[in-house]
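Take a look at the structure set out below.
What follows draws every value from the coordinates through simple rules; no lab data is involved. Fair warning: this is a prediction, and the values are worked out from it, not measured in the lab. Virtual Cβ from ideal backbone geometry, glycine too; neighbours counted across all protein chains shown.
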Amino acid sequence: MSNNALRSVRNTEPDPRIARTTHALGRALIELIQERDYDEITVQQILDRAGVGRATFYAHYRNKDDALHSSYERLFGWLESLLDRRPNGRWRLFPVAEFVEHLEDARSLALALHRAGRLEDAFEQFAGYSAAVIDRRLGDWSSVRTTVPRPLVARMLAGALMEMLRWWWEDATRATAVEMDAAFHELARGVLRRDR
């Protein structure tokens, strides 16, 4: 994902009407993706499903790809909001357990994206969003010590996270969400030399 394509993943939509509209459009698109081939979905079908007018759609999005990427942004805004929770008092760089649980719940959507040849695009988007979240999180802690520039560390850890998720997705035994979270943070603590 290019830097200029990456918008802030923090939820900054204060207007509830806008939030309802974008949520309805995102939900409509996700439902349609699970029902038919992505390339065959039209903006009109999204509008009909969401009960939203064409002008409203184009006030928020350029096309259906933009609407899909906006859904990813909302997901990562929600995930980032979970970082203040500290299960067992542990430091967390990224809410891996919640992300894995979400992926499990959204398995049919991921399979539909895979069939449409768009799952790798989703993983690329997720890597960019994850790196942004991790970079912000690293900036919040002065005790993180590394000689590698923070943005590079964030990209490297996001890449490791995406590879972990690919492994989890493909592995028949499937580690639990909690095990995946623990493995990622063990790796991150080793990289960052953080003792929490």
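Annotations
- Reported to the nearest whole Å, the Cα centre-to-centre distance from the stretch 97-141 to the stretch 45-83 is 16.
- The modelled label-to-label distance for the pair Asp140/Gln44, using points 7 Å beyond Cα in the direction of Cβ, is 4.6 nm.
- Sorted by Cβ neighbour density within 10 Å, fewest at the top, the residues Tyr72, Tyr58: Tyr58, Tyr72
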